[in-house]
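K.L.:
Once you've had a glance at the structure underneath, I'll fire off some questions.
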Amino acid sequence: MLLSELIGRIPGKVEICGNPETEVSCLCSDSRLVRPGAVFFCIRGLRVDAHDLAPEVVANGAVALVVERKLPLDCPQVVVEDVRVAISYMAQDFYGNPAKKLKLIGITGTKGKTTASFLVKSILEEAGHKAGLIGTVCSMIGEEVLPSRLTTPDPIEVQQLLSKMVEGGVEYVVMEVSAHALAMHRLAGLRFSCAAFSNFSQDHLDFFKDMDRYFQAKVRLFEEDMSERIVYNVDDERVGEFMRHIGRTALRVGIREASDVYANDIEVGEYGVSFLLTHHKRFRVAIALRLSGIFNVYNSLLAAGICVSLGIGPEAIRRGLEEVRAIPGRIELLETETPYRVILDYAHSPDSLENILKTVRQTTKGRLIALFGCGGDRDHGKRPIMGEIAGELADFCILTSDNPRNENPFDILNAIEEGIRPTGCEYIVIENRRDAIRFALSRAKAGDVVVLAGKGHETYQEIRGVKHPFDEKIVVKELLAELKG
């Protein structure tokens, strides 16, 4: 493909320096992956400005650069106002604009994106549609599972995935849309058939600095140019307030507030939750969900609301919701053959930790044991908050490392302790996560529930820039075998 064929839709001022008829064979934003024939995007990152890497990538075979300032290099350069925006538009054109052949569904919110995405995919498939998924746990093309690095991948990877989905006969694509992706313009130029907002609470303040910036990043998805239909959780105060003043028609889902799609007669059990799902004046169906917790009722309502807005009928919605048995790393009950339960959950924010502990508490006959930590190089403010929440809701806490990354893990644990101490909850600090899990399993008794929070579906632990293999499902299995031996 020629360079000139990729630059026609880039918004704002665009200047071409050099030969616009240069042949391009691939797109690249990672200097380590540059190969001959590549267009390289010089992104100004938080730590590195890729403009400084341009001489190296040209030497390695890059045939053109996309830059925000002209560089003293003898190669074609496309000078744009924002490289992050340009990469999204150019990637779309390079891969033949696959999104135009698909119906995109975008789900944003602090929590619930993954579960709601799996539920929507299940409903669409029950309605006879082939669906794809792009999200935190994995990406899927029908039943084919592909590994995932980010909740919402970079624009080149997004377009590669969408192109593969078109080739695979996919009709709908359910996408988790992170605030980071919106702030960094990874989805610039795409328009979603339906966009949904699950909820909003504290997270990612290491990047956004304050809650208002975090919120403003998310609501970009609900502007007219990015979404055709809107679905939102009206019970979330911040989300509901925003949507009431957005000036667009939207479908409301909820339990407490007046809603278009709502749930009542809710009964929470140890292994699931039942409720009546109602679309006001249109249908009412009984749902026997195999996922537990009130928050999964909300996830189900959001998924149902999305599918209602797309014209999917009630029977497919019921079957789709009931078909999902578990979401990887989300309130996942491990098979342990022990007199106590072990539950794996990705909870890594104050709200998500509160949700999982409150949910598990409802069906815990013995003690609720919470094992958790907080990620390094991330929002410091949530650490004592999570300590306080765990101290108030659990009977015993084990503070340990999550992904300490480049921080001293004991600095993180000390911050969590500041929140847990005033609660009076009994706790212990065991920095090594494997040792902490061993301690939890060795002390748990019949009727207890051990919640391993923070890692969920992740299969690694990041320490000093290195990702070490650490799959908690495997770790628990190994430790139980050792303890029995």
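The values are calculated or read from the model by the stated rules, or taken from the named source; none is laboratory data. Note that the coordinates shown come from a computational prediction; the quantities given were computed from them, not determined experimentally. With ideal geometry, Cβ positions are generated from the backbone for all residues, glycine too; neighbour counts draw on all protein chains shown. These accessible areas exclude ligands, DNA and RNA; they are computed on the full protein's heavy atoms, side chains included. Shrake-Rupley method; radii C 1.70, N 1.55, O 1.52, S 1.80 Å.
K.L.:
If you take the residues in segment 386-398 that are buried (at least 21 other Cβ atoms within 10 Å of the Cβ) and out of contact with any Cys (no Cβ under 9 Å at 6 or more places or on another chain), which one is nearest to D206 (Cα to Cα)?
P.N.:
I389
K.L.:
Can you name the residue in segment 150-174 that is under 19 Å from V85 (Cα atoms) and open to solvent by less than 20 Å² (accessible area, probe 1.4 Å) and, of all such residues, is modelled with the lowest pLDDT?
P.N.:
Only one residue tops the list, namely T152.
K.L.:
Residues that are charged (D, E, K, R), surrounded by 14 or more Cβ atoms within 10 Å (Cβ to Cβ) and in contact (Cβ under 8 Å) with a residue 60 or more places away in the chain: does segment 410-432 have at least one?
P.N.:
No, the conditions are met nowhere in segment 410-432.
K.L.:
Still on this model: Being closer than 21 Å to L251 by Cα, in contact with a Ser or Thr (Cβ under 7 Å, 6 or more places away or on another chain) and hydrophobic (A, V, I, L, M, F, W, C) is the filter here; which residues of segment 184-220 pass it?
P.N.:
F192, C194, A195, F197, F200, listed by residue number.
K.L.:
Would you confirm whether any residue within segment 367-390 is among the β-branched types (V, I, T) and within 16 Å of L334 (Cβ to Cβ)?
P.N.:
yes
K.L.:
Which of the helices (runs of 4 or more DSSP H) found entirely inside segment 211-323 contain at least 3 residues meeting this: under 23 Å from A181 (Cβ atoms) and out of contact with any Cys (no Cβ under 6 Å at 6 or more places or on another chain)?
P.N.:
211-219, 237-244, 294-309
K.L.:
Further, regarding this structure: Can you tell me which residue in segment 24-41 is nearest to Q160 (Cα to Cα), limited to those that are touching a residue at least 40 places away in the same chain (Cβ under 8 Å) and not in a strand (DSSP E or B)?
P.N.:
Restricting to residues being touching a residue at least 40 places away in the same chain (Cβ under 8 Å) and not in a strand (DSSP E or B), the top hit is S29.
K.L.:
Given the structure, is A436 open to solvent by less than 10 Å² (accessible area, probe 1.4 Å), within 22 Å of E270 (Cα to Cα) and over 23 Å from the mean Cα position of the chain (by Cα)?
P.N.:
Criteria not met by A436.
K.L.:
A further question follows. Exactly one of these conditions fails for F208: (1) open to solvent by less than 30 Å² (accessible area, probe 1.4 Å); (2) modelled with pLDDT of 90 or more. Give me its number.
P.N.:
For F208, the exception is condition (2).
K.L.:
Check off (1) without any contact (Cβ under 8 Å) to a residue 24 or more places away in the chain; (2) among the acidic types (D, E); (3) open to solvent by less than 20 Å² (accessible area, probe 1.4 Å) for D203 and give me the number that stays unchecked.
P.N.:
For D203, the failing item is (1).
K.L.:
Would you confirm, using the coordinates I've provided, whether E21 is without any contact (Cβ under 8 Å) to a residue 40 or more places away in the chain, acidic (D, E) and surrounded by fewer than 14 Cβ atoms within 10 Å (Cβ to Cβ)?
P.N.:
The answer is yes for E21.
K.L.:
Please enumerate the residues belonging to segment 220-240 that are without any contact (Cβ under 8 Å) to a residue 24 or more places away in the chain, out of contact with any strand residue (DSSP E or B) (no Cβ under 8 Å at 6 or more places or on another chain) and under 26 Å from M386 (Cα atoms). Step through it out loud before you land on a result.
P.N.:
In the first step, residues of segment 220-240 are kept if they are without any contact (Cβ under 8 Å) to a residue 24 or more places away in the chain; the result is 223, 237, 240.
Narrowing the set further to residues that are out of contact with any strand residue (DSSP E or B) (no Cβ under 8 Å at 6 or more places or on another chain) leaves 223, 237.
Scanning segment 220-240 gives a single hit, E237.
K.L.:
Which one of these is in contact (Cβ under 8 Å) with a residue 40 or more places away in the chain, crowded, with 24+ Cβ neighbours inside 10 Å, out of contact with any Pro (no Cβ under 8 Å at 6 or more places or on another chain) and not small (G, A, S): R330, R341, R367?
P.N.:
Being in contact (Cβ under 8 Å) with a residue 40 or more places away in the chain, crowded, with 24+ Cβ neighbours inside 10 Å, out of contact with any Pro (no Cβ under 8 Å at 6 or more places or on another chain) and not small (G, A, S) holds for just one of R330, R341, R367, which is R330.
K.L.:
Let me ask something additional. If a residue must be open to solvent by less than 40 Å² (accessible area, probe 1.4 Å) and either touching a helix residue (DSSP H, G or I) at 6+ places or on another chain (Cβ under 6 Å) or in contact (Cβ under 8 Å) with a residue 40 or more places away in the chain (or both), how many such residues does segment 95-105 contain?
P.N.:
6
K.L.:
A further question on this structure: Hey, among the residues in segment 459-485 that are in contact with a strand residue (DSSP E or B) (Cβ under 9 Å, 6 or more places away or on another chain) and among the charged types (D, E, K, R), which one's surrounded by the most Cβ atoms within 10 Å (Cβ to Cβ)?
P.N.:
E472
K.L.:
Next question, about the same structure. Tally the residues that are within 13 Å of L33 (Cα to Cα) and within 34 Å of the chain's Cα centre (by Cα), restricting the search to segment 61-75.
P.N.:
Adding up the residues that qualify gives 1.
K.L.:
Which condition breaks for N299 when tested against (1) open to solvent by 20 Å² or more (accessible area, probe 1.4 Å); (2) farther than 23 Å from A444 by Cα; (3) touching a residue at least 24 places away in the same chain (Cβ under 8 Å)?
P.N.:
(1) is the only condition that N299 fails.
K.L.:
I need the full set of residues from segment 53-93 which are small (G, A, S), surrounded by 17 or more Cβ atoms within 10 Å (Cβ to Cβ) and part of a helix (DSSP H, G or I), in order please. Break it down into steps so the answer makes sense when it comes.
P.N.:
Taking segment 53-93 first, the residues small (G, A, S) are 54, 59, 61-62, 64, 86, 88, 91.
Adding the requirement that they be surrounded by 17 or more Cβ atoms within 10 Å (Cβ to Cβ) leaves 54, 62, 64, 86, 88, 91.
If the condition is that a residue be small (G, A, S), surrounded by 17 or more Cβ atoms within 10 Å (Cβ to Cβ) and part of a helix (DSSP H, G or I), then A54, A86, S88, A91 are the ones that fit.
K.L.:
Name the residue that is nearest to P72 (Cα to Cα), counting only residues in segment 42-52 that are open to solvent by 10 Å² or more (accessible area, probe 1.4 Å) and assigned to a loop (DSSP other than H, G, I, E, B).
P.N.:
Going through the qualifying residues, I end up with I43.
K.L.:
Checking the condition in contact (Cβ under 8 Å) with a residue 24 or more places away in the chain and in contact with a helix residue (DSSP H, G or I) (Cβ under 8 Å, 6 or more places away or on another chain), which residue from L73, L53, L65 passes?
P.N.:
None of the others qualify; the one that does is L65.
K.L.:
Just checking, does segment 351-364 include any residue being small (G, A, S), closer than 18 Å to K455 by Cα and in contact with a strand residue (DSSP E or B) (Cβ under 6 Å, 6 or more places away or on another chain)?
P.N.:
no
K.L.:
Here's a follow-up. Go through the residues of segment 270-277 one by one and say whether even a single one is open to solvent by less than 30 Å² (accessible area, probe 1.4 Å), among the polar types (S, T, N, Q), more than 12 Å from A196 (Cβ to Cβ) and modelled with pLDDT of 95 or more.
P.N.:
Among the residues of segment 270-277, not one is open to solvent by less than 30 Å² (accessible area, probe 1.4 Å), among the polar types (S, T, N, Q), more than 12 Å from A196 (Cβ to Cβ) and modelled with pLDDT of 95 or more, which makes the answer no.
K.L.:
What are the pairs, 6+ residues apart or on separate chains, where a residue within segment 106-133 that is more than 30 Å from M211 (Cα to Cα) has its Cβ under 7 Å from a residue that is open to solvent by 40 Å² or more (accessible area, probe 1.4 Å) and assigned to a helix (DSSP H, G or I)?
P.N.:
Note: pairs meeting the criteria are S122/E323; E126/R319; E126/E323; A131/E125.
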